[in-house]
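Structure record follows, encoded as structure tokens.
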Amino acid sequence: MKNAAVSGRTRGSFSLSGRRATSVVALLPFVVFLAIFAVYPLYELVRLSFQETEVLDGEFFSAFNGLDNFKKIPNDPLAVNSIKVTLLFSTLCVILTLVAGTAGAMMVNSSRIFKSAARNIFVWPAVVAPVVVSVMWLLILDPTMGLVNKILESLGREPQIWLNSKAGAFISVVVVDVWHWTPVVFLFIYAGLNGINQEILEAGRVDGANEGQLIRRIILPILLPTIAVIAVLRTIMSIKAFDEMYLLTKGGPEGATSLISLHIREIFVDVLDFGYASALSLCIVAILGLIVGIAYSLRRKNRSR
Amino acid sequence: MTMEKRVQKSKVNVTLELAIFVTIVITLIPIIWIAILAFLPNKSIIGTSFDFSFWLGNFRTLADPGQNFLRQIFNSLTITFGTVILTLVIGSGSGYSLSKLKPPKWATTPVFILASFLPIVPPITLVPGIYVTLTNLNLLGSVTGLVLVNTVFNLPFAILMIKSYFDQIPDELREAAIVDGASERRVFFSVLLPLAKPGLGAVAIYVAIMAWNEFLMGLIMTTGGGAAPLTVGIASLVQDYEITFGQMSASGFVAAIPIIILTAVASRQIVSGLTAGAVKS
């Protein structure tokens, strides 16, 4: 700090304002980019959500209709269904990936033989394109040619039709999501585990604690802030989920896997009810903002304590 | 610490190793299965029994000039490189400014608000606005348009990551160079940017994966076919009336394997990229 002041004084005020100007100019491209491609679209979203927009012969006609679009949401059984599906999907996926990722990280951390292989391979699913992930799982779950049915049939069992049944399709997309995103949880927890001071664990061992007690009394409490951050991250990710379901189930059968993003896409692109889709979008953005806001303030409160 | 404990610690836990091995297999099954099917003719794929006969026909069909596949790979590569370069250029300037140039608060506040808010917004909700913007810029359906859109979605993460990399470089270095008479530009390009290279590399790999894998914007902002990125091409194979599973597997294989190999080789950079990226978003 002192150095900066000295150099500022010796080089005169001109250099200081030069730096100030440079600092603002350097931020400008970022702000302009986000203004055009994020702030403006959000503004469009707000505007559209208070309007009734119709498309006639490729021309858009809009008229202000107050809160009508928002009032439609509770009366739209498809939207209500999507919200329910999304809630159930998020809850299951967040819990399952957290448990699997934490368990995996702990296992790999105390492994001797497979440590380096597992550390590498367990990351792979997360880097595969969601579109390819759904292709991969289609090749496994497809009722006519999928791997599961080939195995079942070669064992003389009845083939499954999971993707065609409501519960089966829902469980399938949860499994796919867990396979795809557990690696992210794994990475964080593994990094967190490696950051734990070994002496603390040694002290615990010397005091006669067994491995289970070490995990419950020492390791998990230390990891708790990390786990909390990932829980929020995974919640956002699962509410944003789109690609995998879009291809694997198209939201079906009978809306059983119709996540909110899929439903919004349908109203925007197929139904072309821009006002209503925007209103629904805005609600989802607001809910996500609220979740992050609460998480952020909780974290601040914890830190200041 | 007693001898006994040390011996006990180095002993291999068979149950644990077995459990890890099984998890590795489960992790790999979908990847191995698509790799096998990519090299099988359709009739062995559809057949109910296991029939493994090595065949390159799926790739040959995809590479046929009448198909859009090669064109789509080219599009995806262009989008990926364009996005990485644009993100790094904008991100390193802005990240450097945030870390070292102490910009006034009125300039940083909107940056931090935007950078933390955009990652939580589901991309589908921004579709109408982005569609209008690209139409107005006359970039709808173009690779350039998708480069811009991908850059926007990756910038928030990139800028915060790059800032944290510059934060690790001591301020004294910059000040010493300034005192020695170097211009701001010179300090940035010749002193600090080279030091941040490993960090920029991690960001580049992460952004490349994200851009290569992107689907939704490619789906809606292009008309498909030869204008689309590879992910959209793969999706159209899945939705064909007559699904050709062999070609579908082969194209998925082509999209996934380079990224997986990259991950296996550059695992450390990607790990730091993924963990930092996720924390920031």
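Kindly establish whether A:ALA35 is part of a helix (DSSP H, G or I), outside the structural domain of A:VAL178 (by TED's automatic domain parsing) and at pLDDT 80 or above. If you could, list the steps in order and put the result at the bottom.
Details: part of a helix (DSSP H, G or I): yes; outside the structural domain of A:VAL178 (by TED's automatic domain parsing): yes; at pLDDT 80 or above: yes.
Here the answer is yes, as A:ALA35 does meet what is asked.
With (1) at negative phi; (2) more than 7 Å from every other protein chain (Cβ to nearest Cβ); (3) under 22 Å from the mean Cα position of the chain (by Cα) as the list, and B:GLY141 as the residue in question, which single condition is left unmet?
So the condition that B:GLY141 fails would be (1).
Please go through (1) away from chain A (no Cβ under 12 Å); (2) under 25 Å from A:LEU28 (Cβ atoms) for B:ALA182 and return the number of the only condition it doesn't satisfy.
Answer for B:ALA182: the failing condition is (1).
Taking segment B:212-264 as the region of interest, how many residues are open to solvent by 20 Å² or more (accessible area, probe 1.4 Å) and in contact (Cβ under 8 Å) with a residue 60 or more places away in the chain?
12
Which of the residues spanning segment A:192-207 are more than 19 Å from A:VAL108 (Cα to Cα) and away from every other protein chain (no Cβ under 12 Å)?
Within segment A:192-207, A:ILE200, A:GLY204, A:ASP207 meet the criteria.
Restricting to segment B:18-77, count the residues that are among the polar types (S, T, N, Q), under 15 Å from B:GLN247 (Cβ atoms), in a helix (DSSP H, G or I) and open to solvent by 50 Å² or more (accessible area, probe 1.4 Å). Steps first, answer last, please.
Taking segment B:18-77 first, the residues among the polar types (S, T, N, Q) are B:23, B:27, B:42, B:44, B:48-49, B:53, B:58, B:61, B:67-68, B:72, B:75-76.
If we keep only those that are under 15 Å from B:GLN247 (Cβ atoms) as well, we get B:42, B:44, B:58, B:61, B:67-68, B:72.
Now narrow it down to the ones that are in a helix (DSSP H, G or I): B:42, B:44, B:58, B:61, B:72.
Next, only the ones that are open to solvent by 50 Å² or more (accessible area, probe 1.4 Å) stay: B:61.
The number of residues fulfilling the criteria is 1.
If I ask for residues that are surrounded by fewer than 20 Cβ atoms within 10 Å (Cβ to Cβ) and under 18 Å from B:ARG268 (Cβ atoms), which ones from segment B:162-195 would you list?
B:SER164, B:GLN168 - these are the residues of segment B:162-195 that are surrounded by fewer than 20 Cβ atoms within 10 Å (Cβ to Cβ) and under 18 Å from B:ARG268 (Cβ atoms).
Please specify each residue of segment A:132-142 satisfying the condition of being assigned to a helix (DSSP H, G or I) and not aromatic (Phe, Trp, Tyr).
Our first condition is that a residue be assigned to a helix (DSSP H, G or I); within segment A:132-142, this holds for A:132-141.
Of everything in segment A:132-142, those that are assigned to a helix (DSSP H, G or I) and not aromatic (Phe, Trp, Tyr) turn out to be A:VAL132, A:VAL133, A:SER134, A:VAL135, A:MET136, A:LEU138, A:LEU139, A:ILE140, A:LEU141.
How many of the residues making up segment B:106-121 are facing another protein chain (nearest Cβ under 7 Å), in contact (Cβ under 8 Å) with a residue 24 or more places away in the chain and open to solvent by less than 20 Å² (accessible area, probe 1.4 Å)?
3
What is the one condition in (1) loosely packed, with under 12 Cβ neighbours inside 10 Å; (2) more than 27 Å from A:VAL229 (Cα to Cα); (3) touching a residue at least 12 places away in the same chain (Cβ under 8 Å); (4) not hydrophobic (A, V, I, L, M, F, W, C) that A:ASN302 does not satisfy?
A:ASN302 satisfies every listed condition except (2).
For A:CYS93, work out the one condition from (1) assigned to a helix (DSSP H, G or I); (2) away from every other protein chain (no Cβ under 14 Å); (3) open to solvent by 30 Å² or more (accessible area, probe 1.4 Å) it doesn't fulfil.
Going through (1) assigned to a helix (DSSP H, G or I); (2) away from every other protein chain (no Cβ under 14 Å); (3) open to solvent by 30 Å² or more (accessible area, probe 1.4 Å) one by one, A:CYS93 breaks only (3).
Can we say B:GLY82 is under 30 Å from B:VAL152 (Cβ atoms), open to solvent by less than 20 Å² (accessible area, probe 1.4 Å) and out of contact with any Pro (no Cβ under 8 Å at 6 or more places or on another chain)? Lay out the reasoning, then the answer.
Values: under 30 Å from B:VAL152 (Cβ atoms): yes; open to solvent by less than 20 Å² (accessible area, probe 1.4 Å): no; out of contact with any Pro (no Cβ under 8 Å at 6 or more places or on another chain): yes.
Taking the combined requirement at face value, the residue does not satisfy it.
Take A:SER278 and decide whether it is buried (at least 23 other Cβ atoms within 10 Å of the Cβ) and closer than 17 Å to A:THR86 by Cα.
Numbers: buried (at least 23 other Cβ atoms within 10 Å of the Cβ): yes; closer than 17 Å to A:THR86 by Cα: no.
Here the answer is no, as A:SER278 does not meet what is asked.
Just checking, does segment A:260-269 include any residue being crowded, with 16+ Cβ neighbours inside 10 Å, assigned to a loop (DSSP other than H, G, I, E, B), of a type in the set (A, V, I, L, M, F, W, C) and within 9 Å of another protein chain (Cβ to nearest Cβ)? Walk me through how you get there before you give the answer.
Here is the first cut: in segment A:260-269, the residues crowded, with 16+ Cβ neighbours inside 10 Å are A:260-268.
Among the residues that remain, those that are also assigned to a loop (DSSP other than H, G, I, E, B) are: none.
Scanning segment A:260-269 turns up no residue that is crowded, with 16+ Cβ neighbours inside 10 Å, assigned to a loop (DSSP other than H, G, I, E, B), of a type in the set (A, V, I, L, M, F, W, C) and within 9 Å of another protein chain (Cβ to nearest Cβ).
Is it fair to say A:SER134 is open to solvent by 10 Å² or more (accessible area, probe 1.4 Å) and either touching a strand residue (DSSP E or B) at 6+ places or on another chain (Cβ under 6 Å) or within 14 Å of chain B (Cβ to nearest Cβ) (or both)? Quick ask: steps written out before the conclusion?
Details: open to solvent by 10 Å² or more (accessible area, probe 1.4 Å): no; either touching a strand residue (DSSP E or B) at 6+ places or on another chain (Cβ under 6 Å) or within 14 Å of chain B (Cβ to nearest Cβ) (or both): yes.
It is false that A:SER134 is open to solvent by 10 Å² or more (accessible area, probe 1.4 Å) and either touching a strand residue (DSSP E or B) at 6+ places or on another chain (Cβ under 6 Å) or within 14 Å of chain B (Cβ to nearest Cβ) (or both).
Which ones in segment A:143-155 are at the interface with chain B (Cβ under 8 Å from one of its Cβ atoms), within 31 Å of the chain's Cα centre (by Cα) and in a loop (DSSP other than H, G, I, E, B)?
A:MET145, the sole residue that qualifies.
So which pairs qualify, if the first residue must be in segment A:24-35 and small (Gly, Ala, Ser), the second must be in a helix (DSSP H, G or I) and surrounded by 15 or more Cβ atoms within 10 Å (Cβ to Cβ), the Cβ gap must be under 8 Å, and the two must be at least 6 apart or on different chains?
A:ALA26/B:GLY93; A:ALA26/B:SER94; A:ALA26/B:TYR96; A:ALA26/B:SER97
Step by step: first the residues of segment B:139-149, then only those that are assigned to a helix (DSSP H, G or I) and open to solvent by 10 Å² or more (accessible area, probe 1.4 Å), then the one that is farthest from A:PRO29 (Cα to Cα). Which residue is that?
Residues of segment B:139-149 that are assigned to a helix (DSSP H, G or I), as a first pass: B:143-149.
Subsequent filtering for residues that are open to solvent by 10 Å² or more (accessible area, probe 1.4 Å) retains B:143-144, B:147-148.
Working: B:VAL143: 20, B:THR144: 17, B:VAL147: 15, B:LEU148: 12 Å.
So the residue we want is B:VAL143.
Kindly evaluate A:PRO143 against the criterion of being of a type outside the set (Phe, Trp, Tyr) and in contact with a Pro (Cβ under 6 Å, 6 or more places away or on another chain). Before you say what the answer is, go through the steps one by one.
On the way: of a type outside the set (Phe, Trp, Tyr): yes; in contact with a Pro (Cβ under 6 Å, 6 or more places away or on another chain): no.
It is false that A:PRO143 is of a type outside the set (Phe, Trp, Tyr) and in contact with a Pro (Cβ under 6 Å, 6 or more places away or on another chain).
Looking only at segment B:94-124, count every residue that is within 16 Å of B:ASP171 (Cα to Cα) and part of a helix (DSSP H, G or I) and tell me the total. Please lay out each step first, then the result.
Going through segment B:94-124, the residues within 16 Å of B:ASP171 (Cα to Cα) turn out to be B:95-103.
Then keep just the ones that are part of a helix (DSSP H, G or I); that gives B:95-100.
Selection size over segment B:94-124: 6.
Quick one: is B:PRO103 open to solvent by less than 30 Å² (accessible area, probe 1.4 Å) and modelled with pLDDT under 90? Let's see the steps before the verdict.
On the way: open to solvent by less than 30 Å² (accessible area, probe 1.4 Å): yes; modelled with pLDDT under 90: yes.
In short, yes.
So B:PRO30 passes all but one of these: (1) more than 8 Å from every other protein chain (Cβ to nearest Cβ); (2) closer than 23 Å to B:PHE215 by Cβ; (3) at pLDDT 85 or above. Which condition number does it fail?
(1)
In segment A:181-197, is there at least one residue being under 30 Å from A:GLU254 (Cα atoms), hydroxyl-bearing (Ser, Thr, Tyr) and touching a Gly at 6+ places or on another chain (Cβ under 8 Å)? Before you say what the answer is, go through the steps one by one.
Of segment A:181-197, the ones under 30 Å from A:GLU254 (Cα atoms) are A:181-182.
When the remaining residues are screened for being hydroxyl-bearing (Ser, Thr, Tyr), the result is A:182.
Among the residues that remain, those that are also touching a Gly at 6+ places or on another chain (Cβ under 8 Å) are: A:182.
Yes, some residue in segment A:181-197 is under 30 Å from A:GLU254 (Cα atoms), hydroxyl-bearing (Ser, Thr, Tyr) and touching a Gly at 6+ places or on another chain (Cβ under 8 Å).
From (1) hydroxyl-bearing (Ser, Thr, Tyr); (2) over 30 Å from A:ASN194 (Cβ atoms); (3) free of Cβ contacts under 8 Å to residues at least 12 places away in the same chain, pick out the condition that doesn't hold for B:SER267.
Status for B:SER267: all satisfied but (2).
Quick one: in segment B:122-138, which of the residues that are farther than 10 Å from B:LEU216 by Cβ and in contact (Cβ under 8 Å) with a residue 12 or more places away in the chain is nearest to the other protein chains (Cβ to nearest Cβ)?
The qualifying residue nearest to the other protein chains (Cβ to nearest Cβ) is B:ILE130.
The values are calculated or read from the model by the stated rules, or taken from the named source; none is laboratory data. Just so it is clear, the structure is predicted and the values come from calculations on it, not from any experiment. So basically every Cβ, Gly included, is an ideal-geometry build from the backbone, and we count neighbours across all protein chains shown. What goes into the accessible areas is simple: the full protein's heavy atoms, side chains included, and nothing from ligands, DNA or RNA. Shrake-Rupley method; radii C 1.70, N 1.55, O 1.52, S 1.80 Å.
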